[in-house]
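Trainee: Structure incoming, see below.
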Amino acid sequence: ETRALAQPRGLPVALAGAARAVAELDLARGRAADALAALLEIVGGPDERVRDHPYALFSAPLVVEAAARAGRAGDALPYLEAFEQWTEAGELAWARPLAARGRALLATGDAACDEWYTRSLELHRLHPRPYETARTQLLYGEFLRRARRKTEARTQLRAAVDTFQSLGARLWAERALGELRATRATARRR
């Protein structure tokens, strides 16, 4: 509906917001390639001047996640670097955990990935944003489960499930619960 109203009126911010919302929905449903396609419609390709597009900077954490999950991590680096520069230049404390999470998603090797996720969670504690913290816990829990560190994964995934449920983020809660079940654990009764 937003697209239908915004397109003929030439409202690029509304179109960008709608595309970003659809991309986040696609990520929650595990459709990373679709999310990436939706995001690239509003932020452009990695060869374009990312720093000149404010919506690209704001959407960079989603672009990084979608690209990494779609097997196109190499395409995400320019977005992450621009986001990191914007974060530091603007002293955006809320964005630092997202930048660290982006580094974790693009890291090669388990040790580097673990280090960046740990750093992201430390930064989340300093600048709490429950939804983003739960997103990081879910991604970290997925990484830990795949690394066969099930006990550690359960801790992250349970925390993510609890937060998503408390926020009413049903699709994210279901995704986190699915990952938790894959560790052969269950969520606590609420």
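Trainee: Which value, in nm² and rounded to one decimal, describes the direction-averaged projected area of the C-alpha convex hull of the chain?
Mentor: 11.0
Trainee: Tell me, what is the per residue accessible area of the chain in Å², probe radius 1.4 Å? Mind showing how you got there, number by number?
Mentor: Values: 9950 Å² over 190 residues.
Computed with neighbouring chains in place, this is 52 Å² per residue.
Trainee: What nm distance separates the two modelled labels at Ala14 and His127, each placed 7 Å from Cα along Cα→Cβ?
Mentor: Going by the 7 Å Cα→Cβ label model, 3.1 nm.
Trainee: Cut-off 10 angstrom, C-alpha nodes, Gaussian network model of the chain. Which of Gly44, Gly102, Gly90 fluctuates the most?
Mentor: Taking springs between Cα atoms under 10 Å, the residue moving most is Gly90.
Trainee: So, one more: Roughly speaking, to the nearest percent, how much of region 82-190's 1.4 Å accessible area is carbon and sulfur?
Mentor: 48
Trainee: Using a Gaussian network model on the chain with a 10 Å cutoff between Cα atoms, which of Ala56, Ala95, Ala70 fluctuates the most?
Mentor: Ala70
Trainee: Counting C-alpha atoms alone, how compact is region 96-138: give Rg to one decimal and Dmax as a whole number, in angstrom.
Mentor: Every Cα atom of region 96-138 included, Rg and Dmax give 9.5, 28 Å.
Trainee: A follow-up question, please. May I ask you to derive the relative contact order of the chain, considering only C-alpha pairs under 8 Å and at least 6 residues apart, and to give it as an integer percent?
Mentor: On the way: 240 pairs, mean separation 23.6, N = 190.
After rounding, I find 12 percent.
Trainee: Hey, what D do you get for region 111-190 in µm²/s if you plug the Kirkwood alpha-carbon radius into Stokes-Einstein at 25 °C and 0.890 mPa s?
Mentor: Using the Kirkwood radius from Cα pairs, D works out to 199 µm²/s.
Trainee: Okay, moving on. Return the calculated 222 nm mean residue ellipticity for the chain, to the nearest 500 deg cm²/dmol, obtained by summing -39500 (n - 2.57) across DSSP H runs with n ≥ 4 and dividing by the residue count. Don't skip to the end; give the middle numbers.
Mentor: Numbers: 10 runs with 146 residues, N = 190.
Rounded to the nearest 500, it is -25000 deg cm²/dmol.
Trainee: Could you give the size of the charge dipole of the chain about its Cα centre, using +1 on the Cβ of each K and R and -1 on the Cβ of each D and E, expressed in debye and rounded to the nearest 20?
Mentor: 1140
The values are calculated or read from the model by the stated rules, or taken from the named source; none is laboratory data. Bear in mind the structure is a predicted one, so any value in this text is a computation, not a measurement. Cβ coordinates were reconstructed from backbone atoms using ideal geometry, including for glycine residues, and neighbour counts include every protein chain displayed. Heads up: the accessible areas ignore ligands, DNA and RNA and are worked out on the full protein's heavy atoms, side chains in. Shrake-Rupley method; radii C 1.70, N 1.55, O 1.52, S 1.80 Å.
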